[in-house]
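Structure, as structure tokens:
The values are calculated or read from the model by the stated rules, or taken from the named source; none is laboratory data. Nothing here was measured: the structure is a model prediction, and the numbers come from that model. Reconstructed Cβ throughout: ideal geometry from the backbone, glycine too, with neighbour counts over all protein chains shown. These area figures cover heavy atoms from the full protein model, side chains too; ligands, DNA and RNA do not enter into them. Shrake-Rupley method; radii C 1.70, N 1.55, O 1.52, S 1.80 Å.
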Amino acid sequence: MAGHSKWANIKRQKAVVDAKKGKTFTQLSRAIIVAARNGVPDPAGNFQLRTAIDKAKIAGIPNDNIERAIAKGAGTFSGDNHTLEEIRYEGYGPGGVAILIEALTDNRNRTAADLRVAFSKNGGNLGETGCVSWMFDQKGVCIVSGVVDEDQLLEASLEGGAESYEMTEEDTAEVFTTIANLEILNQSLKDQGFTVTEVELRWIPSNNIEVTEPEQARSLLKLIDTLESLDDVQNVTSNFDMSEQLLAVSMA
């Protein structure tokens with residue numbers, strides 16, 4: 001699975017935290033709502049909810065907002081008549097790059113229309129369900145910081161049921177497992193003294209398209225930025241590789 005963290009690294013490099021703070025609050029709040037709706041509205045018994053709350057707290061979302069989101073998901077928040085629906089959209093970017101979009105929406109017609117406009121204005125096209133998802137596998141990921149001994153990480157990862165891991169920085173690793181085993185791996189790593197800074201589900205491409213043309217790179221990054229700026233969009237994943245030099249030039 002070497003190289004599968006490239007997209008995550010690109011996303012981190014091009015993130016402008018302050019400019020997207022408002023949208024991040026919306027995304028994280030919606031993630032809490034859905035997690036509370038899909039399971040019990042108690043983080044102690046709902047791993048998805050517990051993870052969503054942890055991310056919200058790291059982002060600085062006030063506790064009142066978190067409690068309100070849980071109540072909305074549980075259906076106990078008065079005056080809330082909006083039902084959020086999880087939908088996955090698929091399409092192609094410039095050069096045939098595959099793009100997966102995960103959305104939470106209370107109006108799927110509005111969301112589809114917004115996505116279609118974003119694709120058409122930036123050299124891509126929104127496709128049918130299943131057109132690119134076959135190129136991706138969804139995995140659970142634990143991001144571990146402060147790794148001193150890689151052999152210890154390997155041993156702990158195997159004990160926790162991990163499939164693989166990858167050092168993304170000198171002391172930071174991403175440990176991959178099946179979705180069903182993510183909670184077990186997370187707890188196992190923590191029990192063995194490792195610092196798990198983030199837990200997430202991520203789509204991993206089975207093959208990558210190398211982007212080398214500056215114009216294509218600019219159009220692709222603009223498309224992804226446009227998609228990510230939409231209120232209903234929670235996450236955008238793609239299968240392109242791009243050199244750091246081209247990335248820097250394309251973002252300038």
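Kindly establish whether A248 is surrounded by fewer than 18 Cβ atoms within 10 Å (Cβ to Cβ), without any contact (Cβ under 8 Å) to a residue 40 or more places away in the chain and farther than 30 Å from T111 by Cα.
Considered against the rule, which asks whether it is surrounded by fewer than 18 Cβ atoms within 10 Å (Cβ to Cβ), without any contact (Cβ under 8 Å) to a residue 40 or more places away in the chain and farther than 30 Å from T111 by Cα, A248 comes out as yes.
Of the residues in segment 149-161, how many are more than 14 Å from V196 (Cα to Cα) and aliphatic (A, V, I, L, M)?
So the answer is 2.
Consider segment 211-229. How many of its residues are of a type outside the set (V, I, T), open to solvent by 70 Å² or more (accessible area, probe 1.4 Å) and over 21 Å from the mean Cα position of the chain (by Cα)?
3
Against the conditions (1) open to solvent by less than 20 Å² (accessible area, probe 1.4 Å); (2) part of a strand (DSSP E or B); (3) more than 23 Å from E198 (Cβ to Cβ), where does I87 fall short? Just the number, please.
All conditions pass for I87, except number (1).
Could you identify the single residue in T172, T237 that is in contact with a strand residue (DSSP E or B) (Cβ under 9 Å, 6 or more places away or on another chain), more than 29 Å from T105 (Cβ to Cβ) and open to solvent by less than 40 Å² (accessible area, probe 1.4 Å)?
From the options T172, T237, the qualifying one is T172.
(1) within 19 Å of the chain's Cα centre (by Cα); (2) at pLDDT 90 or above: which one isn't true of Q234, the others all being true?
Only one criterion is unmet by Q234, namely (2).
Pick out the one residue from V211, V144 that is within 23 Å of A31 (Cα to Cα), in contact with a helix residue (DSSP H, G or I) (Cβ under 7 Å, 6 or more places away or on another chain) and touching a residue at least 40 places away in the same chain (Cβ under 8 Å).
V144
Within the set of pairs 6 or more residues apart or between chains, which connect a residue that is at pLDDT 85 or above inside segment 37-60 to a residue that is outside any helix (DSSP H, G or I) and open to solvent by 40 Å² or more (accessible area, probe 1.4 Å) with Cβ atoms less than 6 Å apart?
N46/V40
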